[in-house]
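Structure first, then comments.
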Amino acid sequence: MKRRSPTIEGFRVAFRRPSFAFAEIMWRWSYGAAVLALLGFSFLEYLDTLPVSQRDLFLLRTRQPGLIARALSHILAGSGLRFIAASIVLALALSFAWVVVASFGRAITLKNLLNYFWDNQPADFLAFRIRPLFGLSFLRVVSLLAAIVGTIGAMLLGGMASSQKDPSPGIVVLVFITVAILVWGAWAMMNWLLSVASVFVAARGADTFGAIASAVDLCRDRLGAVLAVGFWFGMAHVVALSVASSVVAFPLAFVGVLPGAMVFAGVLFSSLLYFAIADWLYLGRIAAYMWIVEGAQIEPGLVTIVEPPVVQPPQINERVDPDDLILSDVPVS
């Protein structure tokens with residue numbers, strides 16, 4: 001019997017259980033909405049602390065770029081440290097919130113997938129610790145912060161490749177782009193590995209580092225299946241992005257003809273639809289990885305029919321033993 005494809009199983013879960021994708025979208029979008037609201041309120045509070053004099057207002061109303069720049073420099077003077085401190089506090093708060101929300105959201109998603117695949121298992125079979133998910137989410141945040149620091153380092157390294165006496169903007173851009181690609185490529189691989197590792201927390205009850213080691217072993221033992229899942233879901237994501245780009249370009253073509261609110265609403269709706277499809281594909285990809293891990297135990301194995309051995313009847317030796325007495329050899333008394 002042929003084994004079922006993990007990619008097909010992932011798409012099957014996404015189509016048959018849209019509620020799973022809806023739950024994934026809800027916790028992701030709730031966090032995103034909270035982040036946008038917090039950033040907006042923080043920015044407004046920061047602007048409220050900036051002193052604006054009558055002279056600055058006069059320069060801003062002139063609509064002259066040079067005068068506006070001079071007014072802005074005067075308004076923002078001395079607020080750099082305050083802005084940096086507020087950004088650090090905000091980043092730490094958002095990072096902590098992401099660790100908590102992502103851990104609980106991922107736990108709900110993984111438990112739903114286990115309930116789907118192991119339909120007849122008791123509740124205690126699906127119980128797992130959530131602490132390793134906190135560890136994986138924390139490592140994802142740390143890797144993102146490391147990528148941001150690496151990008152800043154790429155900017156500094158690119159600046160060191162040029163000098164005032166011999167400026168080379170082309171070399172600066174080349175060095176920055178090369179280092180930035182390497183940094184974000186390493187981040188993408190680490191983020192993917194930590195995402196796959198969460199499957200082993202639910203399926204095997206592994207701890208944080210044990211789940212990471214199991215994910216590495218999975219890539220080594222089932223590399224073909226892992227690459228196939230990544231390829232097909234990646235292609236589906238590329239198709240969704242291409243379609244979404246075309247759909248977003250459609251309302252933008254009517255700028256100046258339609259009201260700005262309608263154009264903005266069309267762009268916003270198209271973008272949200274793309275993000276929903278991306279989260280739906282992400283759920284299917286996680287389900288496919290779980291099937292790679294659990295499929296060998298869930299689906300029935302190959303049935304081998306063993307025929308009973310043929311019992312041979314006892315063979316009768318028809319030869320006459322010469323030592324045996326026969327009736328003619330017995331003397332008559």
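The values are calculated or read from the model by the stated rules, or taken from the named source; none is laboratory data. Being a predicted model, the structure only gives us computed values, none of them experimental. When we count neighbours, we look across all protein chains shown, and the Cβ atoms used for this are built from the backbone with ideal geometry, even at glycine.
Go through the range 68-82 and give me each residue that's of a type in the set (A, V, I, L, M, F, W, C) and either touching a Cys at 6+ places or on another chain (Cβ under 7 Å) or surrounded by fewer than 15 Cβ atoms within 10 Å (Cβ to Cβ) (or both). Those that are of a type in the set (A, V, I, L, M, F, W, C) and either touching a Cys at 6+ places or on another chain (Cβ under 7 Å) or surrounded by fewer than 15 Cβ atoms within 10 Å (Cβ to Cβ) (or both): A69, L72, L76, A77, L81. Does the range 3-17 contain at least one residue that is of a type outside the set (K, R), in contact with a helix residue (DSSP H, G or I) (Cβ under 7 Å, 6 or more places away or on another chain) and either within 30 Å of V89 (Cα to Cα) or free of Cβ contacts under 8 Å to residues at least 24 places away in the same chain (or both)? Checking the range 3-17: not a single residue is of a type outside the set (K, R), in contact with a helix residue (DSSP H, G or I) (Cβ under 7 Å, 6 or more places away or on another chain) and either within 30 Å of V89 (Cα to Cα) or free of Cβ contacts under 8 Å to residues at least 24 places away in the same chain (or both). Can you name the residue in the range 31-58 that is part of a loop (DSSP other than H, G, I, E, B) and not β-branched (V, I, T) and, of all such residues, is farthest from the chain's Cα centre (by Cα)? Filtering first and then ranking leaves S53. Checked against the criterion of being more than 30 Å from D119 (Cβ to Cβ) and at pLDDT below 85, the range 286-308 has at least one qualifying residue.
Exactly one residue among S168, S214, S162, S195 is out of contact with any strand residue (DSSP E or B) (no Cβ under 9 Å at 6 or more places or on another chain), touching a residue at least 24 places away in the same chain (Cβ under 8 Å) and among the hydroxyl-bearing types (S, T, Y), and that residue is S195.
The set of residues in the range 197-239 being among the β-branched types (V, I, T), assigned by TED's automatic domain parsing to the domain that holds D279 and closer than 25 Å to N115 by Cα consists of V226, V229. Between R4, R106, R28, R12, the distinction of being within 30 Å of A228 (Cα to Cα) and in a loop (DSSP other than H, G, I, E, B) belongs to R4 only.
D217 - would you say it is loosely packed, with under 15 Cβ neighbours inside 10 Å and either within 16 Å of Y289 (Cα to Cα) or touching a helix residue (DSSP H, G or I) at 6+ places or on another chain (Cβ under 6 Å) (or both)? Taking the combined requirement at face value, the residue satisfies it.
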